[in-house]
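Novice: Before anything else, here's the structure in question.
What follows is calculated from the coordinates using simple rules that are stated; it is not laboratory data. Just so you know, these numbers come straight off a predicted model, no measurement behind them. Cβ sites come from the backbone with ideal geometry, for glycine too, and all protein chains shown count toward neighbours.
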Amino acid sequence: MKRVCIVLALSLASVALMAACGGSDDKNDESATPSTGTASVSTPAPNTGGGSPAVGVTPGATAEPSTGLGDAPTLTAADRTLVADGGGVEGGDPSAPPVVVATIPPVTPRAGTTPAVDPTEIAPPDVATADLAVIVDMDASKPGIQSSRDLNPGDVFRVAVVVVAAPQFNNDIGGIAAFNFNLNYDKTKIVAPTIAGGASTSRNPTLNLAGLGGADAQWQCLPTPEGDLDDPGGTEGDGDPDTGQAYISCFAPGSQLVGGTVVIATIEFTAIQKGSTELKLSEVAVADAVALEIAHCPGDGLEPTVPCESGTANVK
């Protein structure tokens, strides 16, 4: 069983880091640990939109400057080689225009349908429980928790990962100060594009910065998120082209932390082919302000375990 590691920045001024477990160079084994290939760490700019990146793009677009992630181009073959060597994903330039480094296959919409694109707003999850849990919400923009969702080929949709009933931040303890997870899915049915360039908190998956204390919490996501660990970026996933592993690992050295029930991240997908897929969490770790680990999923081999609920995407 691969181990999950949490590293928290306890004081930005002293740059003091506390490690809760050991790790390796593979992101399947790491959490918010700065990559050895990253030259420097800068405080990310706030994601004022509070939503996931609009990364649905036309397949085959060329790499041109973009004014927003909704227009993020795909990379040329030469650019892919550069990214695969560690430029743009494994840390990368937060001031660079965002580009899509994953392949989104051509999609034929179902007859009589027009592909839909989810809004970027994040709705309150409104979970009626006082028990700590981690849940996949299949519609980040709809209030409550949706455990399943029907989609058409070509739809661009956003799911949320919700931490339920985290300890409140009080007297410098509690709150959510670090987390990591993989969200596993069938890549023959849906695709989560990986983004290179731009703030590490605003790629795909995207940190819900607005819901986690905003800029004052000083969140950083390192190594930078990937829609699938097998995408270009210098880190190996499971090597199976039919499976996807959306990955994010973030920590907050700031003091304005948040507890309770909160969306910690959103992931954008494109539905590509008819069929159903489970979106299942693994390698989950959540820790508070004093590096106390408060949540792991059953089967990850670490304690304490909490309920972890999957979601289902049904592409019609």
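Novice: Based on the Cα atoms of the range 205-261, what semi-axes does the equivalent ellipsoid have, where each is the square root of 5 times one gyration tensor eigenvalue, given in whole Å with the largest first? It would help to have the intermediate numbers written out before the result.
Specialist: On the way: eigenvalues 160, 26, 11 Å².
So the three semi-axes of the range 205-261 are 28, 11, 7 Å.
Novice: Arranged from highest to lowest average of other beta-carbon atoms within 10 Å per residue, in what order do the peptides 236-245, 147-156, 195-204, 102-111 appear?
Specialist: Peptide ranking by packing, descending: 195-204, 147-156, 236-245, 102-111.
Novice: How far apart, in nm, are the 7 Å Cα→Cβ label points at Asp240 and Val290?
Specialist: 4.1
Novice: Please work out how much length the chain gains when fully extended from Ser95 to Ala130, using 0.36 nm per residue of separation minus the C-alpha to C-alpha distance, in nm with one decimal.
Specialist: Length difference between fully extended and current span is 8.5 nm.
Novice: Shifting gears a bit: HN-Hα J couplings of the range 129-143 from phi, Karplus 6.51/-1.76/1.60, θ = phi - 60°, integer Hz, Gly and Pro as x?
Specialist: 8, 9, 9, 4, 7, 10, 10, 8, 9, 6, 9, 5, 8, 10, x
Novice: Amide H of Glu309: which non-local residues (sequence gap of 5 or more, or other chain) have their own amide H closer than 5 Å, using H built in the peptide plane?
Specialist: Those qualifying (amide H under 5 Å, at least 5 residues apart or on another chain) are Val134, Ile135, Val136.
Novice: Run the Debye formula on the Cα coordinates of the range 197-316, all scatterers equal and no solvent, and tell me log10 I(q)/I(0) at q = 0.15 1/Å.
Specialist: The computed values of log10 I(q)/I(0) come out as -0.80.
Novice: Moving to a separate point now. Using Cβ contacts closer than 10 Å as the measure, can you line up Lys142, Lys187 from fewest to most? Working shown, then result.
Specialist: Numbers: Lys142 18, Lys187 23.
Ranking Lys142, Lys187 by Cβ neighbours within 10 Å, fewest first, gives Lys142, Lys187.
Novice: Around Ser249, which amide H atoms from residues at least 5 apart in sequence, or from another chain, sit under 5 Å from its own amide H, with H modelled in the peptide plane?
Specialist: Those lying under 5 Å, H to H, from Ser249 are Leu222.
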